[in-house]
Amino acid sequence: MEDLRSSETWRIFRIQSELVDGFETLQGLGPAVTVFGSARLGRDSPYYQAAQAVGERLGEAGLAVITGGGPGIMEGANRGAEAGAATSVGLNIALPHEQAANTYQDLSLTFHYFFVRKLMFVKYAIGFVIFPGGFGTLDELFEALTLVQTGKIRRFPILLYGSDYWQGLLAWLKVTLLAHGCIGSDDVALLQLVDDPDEVVRILTAHHQATTAPIEGDRRRR
């Protein structure tokens with residue numbers, strides 16, 4: 001029993017070390033966009049190609065790109081970011097299956113704890129782009145929605161890329177959750193469907209400019 005208590009206590013220091021490593025590595029990153037999506041959609045997938053185009057255009061717009069660091073959609077976005085001269089960040093997770101770091105990362109971190117990794121996804125992002133994916137992608141999507149809905153983080157764009165893939169989910173949110181009063185119309189409005197990489201960049205850069213523009217009457221004298 002004593003060994004178990006000791007092990008649980010030392011786990012705190014492992015968590016702390018991951019937090020410190022993440023903060024120190026990413027503190028100078030600048031404005032960034034986090035891109036999520038399936039590790040199982042390879043280079044022949046149109047969604048991989050779209051993720052690559054989104055990463056490249058974000059890089060050209062001066063926005064860094066953060067992904068989970070793995071293959072599939074994550075690789076596409078990181079690959080595009082490097083081509084667009086942006087900082088390409090991969091926040092990898094130690095898993096027994098699926099996760100293998102892609103080779104298009106300028107900054108690479110590997111986490112043991114999902115919740116520390118999730119914090120890094122949110123803390124340095126001015127918006128999320130959610131490509132088609134499975135349970136992990138849905139987890140990140142609803143985590144972001146919950147944080148914005150409850151006011152734990154500042155509202156930012158949450159873009160669902162691929163109408164064909166996501167419109168069923170949006171319909172369910174409206175027909176079931178909204179109709180039963182479990183969410184409000186403002187909650188549904190947190191999500192935006194997009195199908196064009198240029199539209200993704202337009203929305204995110206407009207948001208970034210709006211949130212960083214000086215407020216009239218609040219300019220400091222030089």
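The values are calculated or read from the model by the stated rules, or taken from the named source; none is laboratory data. Here the structure is a predicted model, which is why all the values come from computation and not from measurement. In this analysis, Cβ positions are derived from the backbone assuming ideal geometry, glycine residues included, and neighbour counts consider all displayed protein chains.
Among the residues of the range 156-182, count how many are part of a loop (DSSP other than H, G, I, E, B), without any contact (Cβ under 8 Å) to a residue 24 or more places away in the chain and closer than 19 Å to Glu143 by Cα.
Summing the residues that are part of a loop (DSSP other than H, G, I, E, B), without any contact (Cβ under 8 Å) to a residue 24 or more places away in the chain and closer than 19 Å to Glu143 by Cα in the range 156-182 gives 1.
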Exercise for the section: State the number of residues belonging to the range 189-211 that are assigned to a helix (DSSP H, G or I) and surrounded by 14 or more Cβ atoms within 10 Å (Cβ to Cβ). Expected result: 10
Practice task
Among the numbered conditions (1) closer than 19 Å to Thr67 by Cα; (2) free of Cβ contacts under 8 Å to residues at least 24 places away in the same chain; (3) surrounded by 14 or more Cβ atoms within 10 Å (Cβ to Cβ); (4) of a type outside the set (S, T, N, Q), tell me where Phe115 comes up short.
Solution key: (3)
Problem - Out of Ile73, Ile126, sole residue that is at pLDDT 95 or above, crowded, with 20+ Cβ neighbours inside 10 Å and over 24 Å from Arg40 (Cα atoms) - result: Ile126
Practice task
Hey, can you tell me all the residues within the range 25-58 that are farther than 16 Å from Tyr161 by Cα, in a helix (DSSP H, G or I) and either modelled with pLDDT under 95 or among the β-branched types (Val, Ile, Thr) (or both)?
Solution key: Thr25
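Of the residues Thr137, Thr146, which is under 19 Å from Leu191 (Cα atoms), touching a Lys or Arg at 6+ places or on another chain (Cβ under 9 Å) and part of a helix (DSSP H, G or I)? Don't jump to the end; show me each part of the working.
Values: Thr137 fails: touching a Lys or Arg at 6+ places or on another chain (Cβ under 9 Å).
After ruling out the rest, the residue left standing is Thr146.
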Exercise for the section: Could you list, in sequence order, all residues of the range 85-101 that are buried (at least 23 other Cβ atoms within 10 Å of the Cβ) and either among the charged types (D, E, K, R) or in a loop (DSSP other than H, G, I, E, B) (or both)? Expected result: Ala86
